[in-house]
Amino acid sequence: MRGRRITKRKGETMIEKQLAPAEQSAGTTSGPARSNDRDQIIRDRAYAIWEEEGRPDGRHEEHWLRAEQEHDADALADEAPA
């Protein structure tokens with residue numbers, strides 16, 4: 001299974017190349033590697049949102065922020081005591 005790296009160019013969302021998604025990486029990491037994993041997860045979700053909305057031009061920031069909010073909400077829910 002492969003993911004995608006999204007790059008921004010003049011207000012559009014473009015696919016740069018295929019990458020393995022961060023969700024499938026093994027082991028736990030910390031520091032910069034963890035930040036890179038978080039960014040990749042958000043990038044993959046932003047791409048999915050973009051596709052779900054019919055691949056509109058010029059809404060990459062909105063998609064990124066929505067993906068970031070979803071990720072952070074999920075992370076908080078995972079950390080909450082049961």
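The values are calculated or read from the model by the stated rules, or taken from the named source; none is laboratory data. No experiment lies behind these values; they were computed from the predicted model shown. Here Cβ is always computed from backbone atoms with ideal geometry, including for glycine, and neighbour counts include all displayed protein chains.
Only residues that are modelled with pLDDT of 80 or more and assigned to a loop (DSSP other than H, G, I, E, B): list them for region 22-60, please.
Hits for region 22-60 are GLU53, GLY54, ARG55, PRO56, ASP57, GLY58, ARG59.
Pairs only if they're at least six apart or on different chains, beta carbon under 7 angstrom, first in region 54-78 and among the charged types (D, E, K, R), second surrounded by 11 or more Cβ atoms within 10 Å (Cβ to Cβ) and in a helix (DSSP H, G or I); list them, first residue then second.
Every condition considered, the pairs that remain are ARG66/ILE49; GLU68/ILE42; GLU70/ARG45.
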